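Have a look at the structure below before the remarks.
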Amino acid sequence: QVQLVESGGGLVQPGGSLRLSCAASGNFASVYVMGWYRQAPGKQRELVAVIISGGSTNYGDSVKGRFTISRDNAKNTVYLQMNSLKPEDTAVYYCNAHIRRLGMVGPNDYWGQGTQVTVSS
């Protein structure tokens, strides 16, 4: 069984910072792409940032220059450093990973349970 466990959400004032973490656990062979998506009330889930195992990254337009994604391959953990937060960043943030389980040929898509980020004064 593979699990993604997120931490680090909360309430922050506009202009503040938060750091999210997501650790993959269980029996698996490889972790490929890891990333973060978010969903605000009444809106579709959208890409925040993704990072492949080699370190290449991709960001959603609304967070470029403010958020930084990184990963620790030894710990199978992905981080999202969020700076200069705005009220419109308020959403549930979901961790996502493409993970190949032991004995399987290709990766499957896994999601965390989500963590709430609220930016408000």
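The values are calculated or read from the model by the stated rules, or taken from the named source; none is laboratory data. Predicted, not measured: the structure shown is a model, and the values here were computed from it. Every residue, glycine among them, receives a Cβ derived from its backbone with ideal geometry; neighbour counts consider all protein chains shown. Areas reflect the complete protein model, heavy atoms only, side chains present, ligands, DNA and RNA absent. Shrake-Rupley method; radii C 1.70, N 1.55, O 1.52, S 1.80 Å.
Ignoring any ligand, DNA or RNA, what whole percent of the accessible area of the chain comes from carbon and sulfur when the probe is 1.4 angstrom? Here carbon and sulfur together make up 47 percent of the probe-accessible area. Translational diffusion of the chain, estimated by Stokes-Einstein from the Kirkwood radius over alpha carbon pairs at 25 °C in a medium of 0.890 mPa s, is 169 µm² per second. Per residue, the convex hull around the alpha carbon atoms of the range 13-73 comes to 125 Å³. Structural descriptor for the chain: relative contact order 36 percent, calculated from alpha carbon pairs under 8 angstrom and at least 6 residues apart. Residues in the chain average 52 Å² of solvent-accessible surface per residue, probe 1.4 Å, ligands and nucleic acids excluded.
Treating r as the C-beta distance of Arg100 and Thr68 and R0 as 30 Å, the FRET efficiency rounds to 0.70. The distance from the alpha carbon centre of the range 1-60 to that of the range 67-92 is 6 Å, rounded to a whole number.
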